[in-house]
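Undergrad: The structure follows.
A short reminder: the numbers here are calculations on the coordinates, not readings from a lab. Only a predicted model underlies this, so the values are computations on that prediction, with no experimental measurement involved. We place every Cβ from the backbone using ideal geometry, glycine too, and count neighbours over all the protein chains shown.
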Amino acid sequence: MAQQIQSSIQELEDQHGAGTYHKRKLVIVRGQGARLWSEDDREYIDCVGGQGAANVGHQNPYVNRAIQEQSQKLVNCTELFYNDQRALLLERLARLTPPRISRFFFCNSGAEAIEGAFKFARLATGRTDIVATMRGYHGKSMGALSATWNKEYREPFEPLVPGFSHVPFDNLEKTCQAITEKTAAFIVELVQGESGVRPGSRDYFLEVEAQCRKTGTLLILDEVQTGFCRTGKMFALEHFGIEPDILCLAKSLGGGIPMGAIGISEAISTKLFKLAHTSTFGGNPLACAAANAAIQYMEDLQLARRAEELGQEFMAELRKVKSPKIREVRGMGLIVGIELKEKAGPYIQQLMEQGILALGAGPTVIRYLPPLVIERDDLRRVAAATAEVLR
Ligand SMILES: *Cc1c(COP(=O)(O)O)cnc(C)c1O
């Protein structure tokens, strides 16, 4: 019976979904913390973590309550009006981000946060050129895609937005050469996520920040994946002590509810005009209430510290794995990758058969993005299963 239901769900999705996703043959119907259950009631340890959207865990008690309560009051309220939940979230984000970031535009996804960031950068500088990094990932709408590096995603859609160029990530000389008085903005991830879990170096970010200031180029940090405690700090920029002019947030901001935000400096805000950028659902009370609850939970339960500690233990376990197939284990907090000397896909499949859901990141990297509430024992099981499949 369960099997029948499962296959009919898969059939419906396969038949009527647009067909742009790689799907695993697994119907997920329920979650709790860092566990997920399939239609046939099999339990999985979740190291996909909603691809970064589930930092506070599934069925988070704070977020659940906030959504329930807000749904009894007001779900929808455009930015034509003021709203209590929105005001609260603005104040909270301003407090948590560096002093330079004092204003926020709310949107609904990561790609939207990137799109808006580029528009703001053009308006604020009067310049058009954007420098991005090789292996960078910023989303797939036309502007965001122009900054994304992967040619498979980009080339079928050219011509993209003009004015974009790419420099090697973590290469100071090439990056500084590309950032000039003509550059509107430089956009970068602090840990490249989708392309293989690659943290950049401190010196690189500090020097690039200086070059941006020297040339009047705006520094855009894409913390869509690294934000909200993932790397062991509320935001990864805290590891490096850098201050962006624009900070892009999404994924775990809404505690699982779709939400994005663009943090900007006061100076940028003064260059914007009314209706320069808008979004019908941006800053809606349901998403804001969920975000307020998610952030409160992160602070009350010190999720950043937990990610830092568990991440170090998990990486230490993985580094103990003796396998000729492993090239490198790397990460920051609980964004962790194992680069293999061969394709990662078959091993991700084998982990799934053992009840562990992990992600890819480029062809040869197994990526782990568990909810930060994951139990130590679960992470140990993940490390043990990884050792077994890679043996
Ligand atoms: C996921 C991601 C995006 C795009 O976010 P979407 O919500 O999928 O549009 C942008 N930047 C980074 C670093 C991401 O990880």
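Undergrad: Provide the packing ranking of 241-254, 343-356, i.e. peptides ordered by the mean count of other C-beta atoms within 10 Å per residue, highest first. Before the final figure, lay out each step's value.
TA: On the way: 241-254: 25.8, 343-356: 16.4.
Most protected by this proxy first, the peptides run 241-254, 343-356.
Undergrad: Here is a further query. Taking H as built 1.01 Å from N, whose amide H comes closer than 5 Å to the amide H of G260, not counting residues under 5 places away?
TA: Long-range HN contacts for G260: C107, N108, S109.
Undergrad: Quick one: order M134, M298 by neighbouring beta-carbon count within 10 Å, fewest to most.
TA: Values: M134 15, M298 24.
Ordered by Cβ neighbours within 10 Å, fewest first: M134, M298.
Undergrad: Right, here's the next one. Given 0.36 nm per residue, what is the gain on full extension from S201 to E388 after removing their alpha carbon distance, in nm? Don't skip to the answer; put the middle values down first.
TA: On the way: separation 187, 0.36 × 187 = 67.32 nm, distance 3.20 nm.
Length gained, S201 through E388: 64.1 nm.
Undergrad: How far is it, in nm, from the label point at E313 to the one at E342 when both lie 7 Å from their Cα along the line to the Cβ?
TA: Distance between label points: 3.2 nm.
Undergrad: Could you order the peptides 106-115, 158-167 from most to least packed, using the average number of other C-beta atoms within 10 Å per residue? Mind dumping the intermediate values first?
TA: Working: 106-115: 25.9, 158-167: 14.2.
Packing order, densest peptide first, comes out as 106-115, 158-167.
Undergrad: Once the other residues with Cβ under 9 Å from the Cβ of P370 are scored (Lys, Arg +1; Asp, Glu -1), what is the net sum? Write out the running numbers ahead of the final one.
TA: Working: positive: none; negative: D46, D378.
Local net charge: -2.
Undergrad: Taking a quarter of the surface of the Cα convex hull of the chain, what do you get in nm²?
TA: Working: hull surface 78.0 nm².
The number I arrive at for the chain is 19.5 nm².
Undergrad: How high is the relative contact order of segment 62-300, given as a whole-number percent (alpha carbon pairs under 8 Å, six or more residues apart)? Write out the running numbers ahead of the final one.
TA: On the way: 478 pairs, mean separation 73.9, N = 239.
Relative contact order, segment 62-300: 31 percent.
Undergrad: Quick one: Debye curve from the alpha-carbon atoms of segment 275-391 only, equal weights, vacuum; give me log10 I(q)/I(0) at q = 0.17, 0.20, 0.22 Å⁻¹ to two decimals.
TA: -0.83, -1.01, -1.15
Undergrad: Estimate the FRET efficiency between T215 and T20 by the formula 1/(1 + (r/R0)^6), using the beta-carbon distance for r and 45 Å for R0, to the nearest 0.05. It would help to have the intermediate numbers written out before the result.
TA: Working: r = 38 Å, r/R0 = 0.85.
Calculated transfer efficiency: 0.70.
Undergrad: Among DSSP beta bridges lying fully in segment 180-320, give the percent that are antiparallel, nearest 5. Please report the intermediate quantities before stating the final value.
TA: Details: 6 of 13 bridges.
Antiparallel bridges make up about 45 percent of those DSSP assigns within segment 180-320.
Undergrad: Taking 0.36 nm per residue of sequence separation and subtracting the Cα-Cα distance, how much length would be gained by fully extending the chain between T280 and D41, in nm to one decimal? Don't skip to the end; give the middle numbers.
TA: Values: separation 239, 0.36 × 239 = 86.04 nm, distance 3.82 nm.
Additional length available on full extension: 82.2 nm.
Undergrad: Taking other Cβ within 10 Å of each residue's Cβ, how do E209, E181 sort, fewest first? Display every interim value, and only then the final one.
TA: On the way: E209 21, E181 9.
With the fewest neighbours first, E209, E181 line up as E181, E209.
Undergrad: Determine the dipole magnitude for the chain: charges of +1 sit on the beta-carbon of Lys and Arg, -1 on that of Asp and Glu, nothing else is charged, the reference point is the Cα centre, and the result goes in debye to the nearest 20. Intermediate results must be reported in sequence, preceding the final value.
TA: Working: 46 positive and 46 negative charges, 95 e Å.
For the chain, the charge dipole is close to 460 debye.
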